[in-house]
1. Considering S131, S98, S119, which residue is open to solvent by 50 Å² or more (accessible area, probe 1.4 Å), at pLDDT below 80 and of a type outside the set (D, E, K, R)?
2. Return only the number of the condition from (1) open to solvent by less than 90 Å² (accessible area, probe 1.4 Å); (2) part of a strand (DSSP E or B) that I374 does not satisfy.
3. Of the numbered conditions (1) modelled with pLDDT of 90 or more; (2) surrounded by fewer than 17 Cβ atoms within 10 Å (Cβ to Cβ); (3) more than 30 Å from K282 (Cβ to Cβ), G342 fails exactly one; give the number of that condition.
4. With respect to E323, is the statement that it is out of contact with any strand residue (DSSP E or B) (no Cβ under 7 Å at 6 or more places or on another chain) and either in contact (Cβ under 8 Å) with a residue 12 or more places away in the chain or among the basic types (K, R) (or both) true?
5. Do we have F411 as open to solvent by 40 Å² or more (accessible area, probe 1.4 Å) and in a helix (DSSP H, G or I) here?
6. Within the stretch 290-304, can you find the residues that are open to solvent by less than 90 Å² (accessible area, probe 1.4 Å) and closer than 26 Å to I341 by Cβ?
7. Where in the stretch 200-255 are the strands (runs of 3 or more DSSP E), entirely inside, with at least 1 residues that are out of contact with any Phe, Trp or Tyr (no Cβ under 9 Å at 6 or more places or on another chain) and of a type in the set (F, W, Y)?
8. Pairs please, first residue from the stretch 169-195 and over 26 Å from E214 (Cβ atoms), second anywhere and part of a loop (DSSP other than H, G, I, E, B) and modelled with pLDDT under 65, Cβ atoms under 7 Å, 6+ apart in sequence or on different chains.
Amino acid sequence: MLCLGWVFLWFVAGEQTSGFNHSACATKNILWIYSLGSVKDLVLFCDLQELRKQDFSHVSQTSPTGGPAHTRCSGHENLAAVQWYKQPQHGGPLEEISRGSAHVQDKGVLQIVASRENSVSSYICRPRIRSPQDTACCIRTVLKVKPRRNESCGDKAQAEQILFLGSTGSIHCPSLSCQSDLQRPRMTWYQDGRLLRDYKENPIEMEAIYDFHEGLYVCDYAQSDNLSSWTVRAVVRVKAIEKDINLKPDILDPVTDTLEVELGKSLTLRCKVQFGFQKDLKPVIRWYAKESPREWELLESENKSTDSTAKSKVIEATTFLREVTWRDLRREFVCFAQNSIGNTTRSVQLRKKDGVYADDIVSVIKRSRRGIFILSPSYVNGPCIFELQAAVSLALVDQTLKLILIKFSSFQEPDSLPELVKKALRVLPTVTWKGVKSAHASSRFWMQVCYHMPVKNSSGFVFNRL
């Protein structure tokens, strides 16, 4: 019984993969004529919905006995749940096309890798999930590939076409690029695997181009000879882009014409430029050092794209000075940007940084174990608030540094107060001065101050009073 069970499972599994009777499948003949200079991939559709509606164009259906086949599709709306097979040219069982193969299948669409030789191949698709009524719910596509020999008419319709957003546009079928106006057949168009029922001519004319017009288009038309009838298929990828923006580059940074520097220190100069969209954009952005109208020195710079949209592209050029010298203070540093419309420049003059008070404050805070800050309306609204900001930044790095806030008088936090200081005012210990009541050495004010002071200094003395 166990052996019979394994045999039964093997039989069912074989039927579900490639052992089904595909002779009753509806047949569709596809002719792919490609240009030798630009070989592109082709796509095949598993038109099960069209087959179920019995509105399957260019399909000849035959049964194993030669009569018409009885197509039974129970309604498969999910075209992604289909399986593709390839039939070997010299017979043999069907080869299941897996996702890891050279061909790509997505949402019921099979992408065929381009071939440069004449060939005829057969591809079969059917639903992965089937009901007992789906006796012949499958499609066999015979694909004939051949190169176009006559290229004398030129390639009027490219395999990749560009449309401009907001303007009128046309999508041309590449396989008809060498056809005369008198030989315009009735077309069938698809966009990203979806049938476009409203378009039957070539080219597709559109009054206004939008983002949703971008995609992969397929055009089909019938072609017959004395022996057989084929559906000629071509693929064109359409991209919708902005029109060229006829403006000179816009320098976003630097925004000022002077820059404070320290002699002997390194310096990085950045120039950020916004270029308007152009189909064939060739941006130029450089740094120069100028000492006189005749003396321009090109500086080494590194360019990188920082932001790109459908309408613009931002490029940043960075140059580096290892050491700022007195000579650099006499020179003018110029950012130069150019596109096909024109050029823009922005000049920066270096200026020696004046007195050293801020550095001294930071140095004192670094050597302290406690930092006491007396808060008043003039302090929080004045320039000296940077002292507290610097102390908070250092305390986040050095855990031995503790900060004590003394609220000398009431104040309202200004909107310009740095966020770091606003947070410090909420979480740091605060001792409030209450006038005469806090003046005595034994008052609660001085007890709180002593509580927050260090227990010992480096010599071992105890701080129990101020």
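The values are calculated or read from the model by the stated rules, or taken from the named source; none is laboratory data. Here the structure is a predicted model, which is why all the values come from computation and not from measurement. Cβ sites come from the backbone with ideal geometry, for glycine too, and all protein chains shown count toward neighbours. All accessible areas refer to the heavy atoms of the entire protein, side chains included, with ligands and DNA or RNA removed. Shrake-Rupley method; radii C 1.70, N 1.55, O 1.52, S 1.80 Å.
1. Of the residues listed, the single one that is open to solvent by 50 Å² or more (accessible area, probe 1.4 Å), at pLDDT below 80 and of a type outside the set (D, E, K, R) is S98.
2. (1)
3. For G342, the failing item is (3).
4. Spelling it out, E323 is indeed out of contact with any strand residue (DSSP E or B) (no Cβ under 7 Å at 6 or more places or on another chain) and either in contact (Cβ under 8 Å) with a residue 12 or more places away in the chain or among the basic types (K, R) (or both).
5. no
6. K290, L299, S301, N303
7. 215-224, 229-241
8. C178/N150; C178/C153
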